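Read-outs: derived from the displayed coordinates by stated rules, not from any lab. Everything numeric here is computed off the predicted structure, so don't read it as measured data. Virtual Cβ from ideal backbone geometry, glycine too; neighbours counted across all protein chains shown.
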Amino acid sequence: MLSRSSPTRPPLTRHQAEHHFVVPAGDLVRRAVPTLVEVALVPAVVFYLVLTNFGLEGAMMGALSWFGLALVRRAVAERRLSAILCVAALPMAFRAATSLATHSAFAYFGQSMAAAAGLGGLFLLSAVLGRPIIQRLATDFCPLPPALLGLAPVRRLMVGLSYIWGVVLVVEAAGVAVAFLSLPLPTFAAANAGLYWGPTLLAAVGSGVWFVRSARRHGIRVSFRPAM
């Protein structure tokens, strides 16, 4: 006798199989969550806690020490150097050095705003040149297969995402500048991480949803497999 089974989808054709990519959900979580904790959450907490007890100079040194520790830890463990970590750590070091030399809070936070606006400009320039840097940064959060990234429609989607992120970062920098000029320093320092990372996380989620849906319109299926 034939047993009753649940309906199943027909097998993918050869053409469909060549454009169907499975991203392990477990790998996505293992990459995204530690990266966000390492680059955003811990430095913000360290900065604020040290600021309330030892002032701005101590807060800068505390956050900078965390980034240095994170880089050394990756080097000792022989892990791949995160592009997101470098983008956060190197400007942080320059801002801290300038602020310590000038004893100016604006030199620190002002450069942060300028860096965000400059990074937004870099995203826009990379999109205009057809070499979207968002593709390199995205792999720190999501393990996209190289074969997927090599497809022409995906390259065009990455260019579109670079335009979106360029605008987001420039607007974000303008909003932070308004907050800096209107809030007391301790209040601004407490809200600073949220002002940057809140819109960034929302844009990241929106970008992921838009990427998957747009890829489907080009006949490319990207699905997420639960961790085994």
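Taking only region 62-83 into account, find how many residues are closer than 28 Å to V167 by Cβ and buried (at least 19 other Cβ atoms within 10 Å of the Cβ).
Within region 62-83, residues that are closer than 28 Å to V167 by Cβ and buried (at least 19 other Cβ atoms within 10 Å of the Cβ) number 3.
All but one of (1) closer than 19 Å to L185 by Cβ; (2) free of Cβ contacts under 8 Å to residues at least 24 places away in the same chain hold for L90; which doesn't?
The number of the failed condition is (1).
Please determine, by comparing only the residues of region 204-213 that are of a type in the set (G, A, S) and under 14 Å from S162 (Cβ atoms), which one is nearest to the chain's Cα centre (by Cα).
A204
Filter region 93-105 down to residues that are among the hydrophobic types (A, V, I, L, M, F, W, C) and touching a residue at least 40 places away in the same chain (Cβ under 8 Å) and give me whichever is farthest from M60 (Cα to Cα).
A105
For region 108-138, how many residues are surrounded by fewer than 18 Cβ atoms within 10 Å (Cβ to Cβ) and outside any helix (DSSP H, G or I)?
3
If a residue has to be within 17 Å of M113 (Cβ to Cβ) and either touching a residue at least 60 places away in the same chain (Cβ under 8 Å) or in a helix (DSSP H, G or I) (or both) to count, how many in region 148-189 make the cut?
Here the count works out to 22.
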